[in-house]
Amino acid sequence: MSRNHIRTAVVSNHGRTEVRERLASAGVSVDVIVGKFDLDRYGQLCKPARDPMVVAVAQMGLEPSEVVCIADCSTDELAAMGACIDCLMVGGFSEEDLIRSLGSNPAPEPDSRDYDSFRVPVMGIIGCIVGDTLGSRYEHSRTTDYNFKLFPSGSHPTDDFLGTLAVARWLLGDRSRESLERSLSMMVNCHPRAGWSHRFRNWARSSNRVPYGAVTNGSAMRVSACGWAAGSLDEALDLAGRSAEVSHNSPEGIAGAQATAACIYLTRTGHSKAEVKKYIEDTFGYDLDVTVGEHRQRAIHEYTCPVSVPQAIRCWLESDTYEQTVRNAISIGYDADTVGAIAGSIAAASPGMEVPQAWADRCFGLLHGELRQLFYDFCSAFPAE
Ligand SMILES: [Mg+2]
């Protein structure tokens with residue numbers, strides 16, 4: 001079902017009357033429009049650090065899942081709350097653009113899941129979201145302090161976990177290449193400012209989605225669900241390779257995803273760290289003897305699989321707990337959220353290295369709308385504990 005009715009449209013650069021008329025001419029009816037006037041008013045009410053859009057939505061008593069942004073007003077904060085950003089249009093938009101964009105994303109199904117009796121798991125893809133969230137504030141303000149502050153204000157899931165949920169949605173569905181491309185594209189369109197690279201965002205928004213040979217760590221950051229959905233090591237490698245190659249069709253990009261998924265599959269099926277280390281070194285050629293301290297000193301500033309994945313695996317190998325793993329990963333001092341997400345994903349497959357329940361609950365609480373539904377559905381279909 002495409003959307004021909006919007007509960008709420010949020011706009012900033014256009015007058016409300018203009019927006020309503022344009023939507024009506026596109027066959028889309030709207031209940032509520034938050035306009036620039038509202039934002040100015042709420043902007044004066046809130047602290048500068050707080051986004052007026054978020055305050056406006058809260059003041060109007062709206063659920064983020066009811067909010068659809070249709071102009072160039074989306075924010076990380078609103079997106080992290082689960083609002084769906086259908087299209088971003090700066091300086092005006094056409095009815096054709098609007099119809100195409102709204103029509104490409106199906107309206108969400110009513111949510112009848114029983115969240116009240118849902119105990120947030122402490123193993124599984126939760127390890128990815130917690131590592132990502134813990135690292136989110138340190139990607140751009142880097143730290144090499146192992147004792148960095150946990151969950152500083154504004155910590156939130158980023159592209160690493162949203163990509164993981166897009167792969168999870170693919171694994172829950174028909175597992176065709178087209179289905180994966182569509183799932184990733186929808187996730188980027190709904191959360192365009194979650195931290196995606198420009199190249200990946202352009203790929204997701206293009207009509208023919210040609211893989212672009214990326215060697216970047218995006219294939220590894222989104223792969224953890226493959227390690228949990230697989231029934232054998234071969235299947236883990238196959239799913240991981242397919243999850244990567246739609247965009248990261250380079251040997252390095254595919255290897256990064258497969259190595260991460262293999263670590264998860266092998267450790268969750270009872271293999272020791274020494275066995276996993278040997279398998280990864282023999283199969284993928286990664287040097288896993290470089291210590292966390294040496295990685296921190298080397299300060300190699302690259303967002304690639306051959307750099308980030310061995311770092312993340314080593315962080316896990318050197319640790320006895322989930323917290324040690326993600327503290328190691330984030331304090332290497334570069335791509336903190338992604339190395340945190342990958343390392344956290346592996347740790348949360350290791351018996352005895354579970355995510356602290358309070359952290360799991362806290363990060364699950366940051367998910368709303370479709371993101372919360374996808375997490376619940378994947379954890380229910382592929383229980384980790
Ligand atoms: Mg990120």
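Exactly one residue out of Glu302, Glu294, Glu275 is surrounded by 13 or more Cβ atoms within 10 Å (Cβ to Cβ) and out of contact with any Cys (no Cβ under 8 Å at 6 or more places or on another chain), and it is Glu302. Hey, could you check the stretch 144-167 for residues that are without any contact (Cβ under 8 Å) to a residue 60 or more places away in the chain and under 10 Å from the mean Cα position of the chain (by Cα) and say which is nearest to the ligand (Cβ to nearest atom)? By that ranking, first place goes to Gly163.
For the stretch 106-128, indicate whether the set of residues that are under 20 Å from Tyr334 (Cα atoms), open to solvent by less than 10 Å² (accessible area, probe 1.4 Å) and of a type in the set (Val, Ile, Thr) is non-empty.
no
Residues in the stretch 320-378 that are farther than 21 Å from Lys277 by Cβ and in contact with a His (Cβ under 7 Å, 6 or more places away or on another chain): Tyr334, Leu366.
If you check Gly173, Gly124, Gly135 for being within 14 Å of the ligand (Cβ to nearest atom) and not aliphatic (A, V, I, L, M), only one passes: Gly135. Scanning the stretch 343-379 for residues that are β-branched (Val, Ile, Thr) and part of a helix (DSSP H, G or I) yields a count of 1.
Let's see how each residue does on (1) touching a Cys at 6+ places or on another chain (Cβ under 8 Å); (2) at pLDDT 95 or above:
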site: Thr338; (1), (2): no, yes
site: Ala341; (1), (2): yes, yes
site: Gly344; (1), (2): yes, yes
site: Met353; (1), (2): no, yes
site: Asp361; (1), (2): no, yes
site: Gly365; (1), (2): no, no
site: Tyr376; (1), (2): no, yes
site: Phe382; (1), (2): no, yes
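For the stretch 192-221, the candidate set comprises residues that are assigned to a helix (DSSP H, G or I) and away from the ligand (no atom under 16 Å from the Cβ); within that set, the residue that is surrounded by the fewest Cβ atoms within 10 Å (Cβ to Cβ) is Asn202.
Reported count of residues in the stretch 304-338, each being within 16 Å of the ligand (Cβ to nearest atom) and closer than 21 Å to Val122 by Cβ, is 5. With respect to the stated conditions, Ser247 fails to be surrounded by 17 or more Cβ atoms within 10 Å (Cβ to Cβ), in a helix (DSSP H, G or I) and under 25 Å from the mean Cα position of the chain (by Cα).
Scanning the stretch 370-377 finds no residues that are free of Cβ contacts under 8 Å to residues at least 60 places away in the same chain and out of contact with any Pro (no Cβ under 8 Å at 6 or more places or on another chain). Considering the conditions (1) more than 16 Å from the ligand (Cβ to nearest atom); (2) buried (at least 23 other Cβ atoms within 10 Å of the Cβ), Asn189 is excluded by exactly one of them, (2). Scanning for something of a type outside the set (Lys, Arg), surrounded by 21 or more Cβ atoms within 10 Å (Cβ to Cβ), within 16 Å of the ligand (Cβ to nearest atom) and in a helix (DSSP H, G or I), does the stretch 222-231 turn up at least one residue? Within the stretch 222-231 (the criterion being of a type outside the set (Lys, Arg), surrounded by 21 or more Cβ atoms within 10 Å (Cβ to Cβ), within 16 Å of the ligand (Cβ to nearest atom) and in a helix (DSSP H, G or I)), the answer is yes, since at least one residue qualifies. Within the stretch 316-342, residues that are open to solvent by 10 Å² or more (accessible area, probe 1.4 Å) and assigned to a helix (DSSP H, G or I) sit with their Cβ atoms under 7 Å from residues that are more than 16 Å from the ligand (Cβ to nearest atom) and of a type outside the set (Lys, Arg), at 6+ positions apart or across chains, in these pairs: Leu317/Leu288; Glu323/Pro356; Arg327/Tyr146; Asn328/Val292; Asn328/Cys315; Asn328/Glu318; Asn328/Ser319.
The values are calculated or read from the model by the stated rules, or taken from the named source; none is laboratory data. This is a predicted model, so every value here is computed, not measured. Neighbour counts are summed over all protein chains in view; Cβ atoms, including those assigned to glycine, are modelled from backbone coordinates with ideal geometry. The protein model used for the area step is the full one, side chains on, heavy atoms only, and it has no ligands, DNA or RNA in it. Shrake-Rupley method; radii C 1.70, N 1.55, O 1.52, S 1.80 Å.
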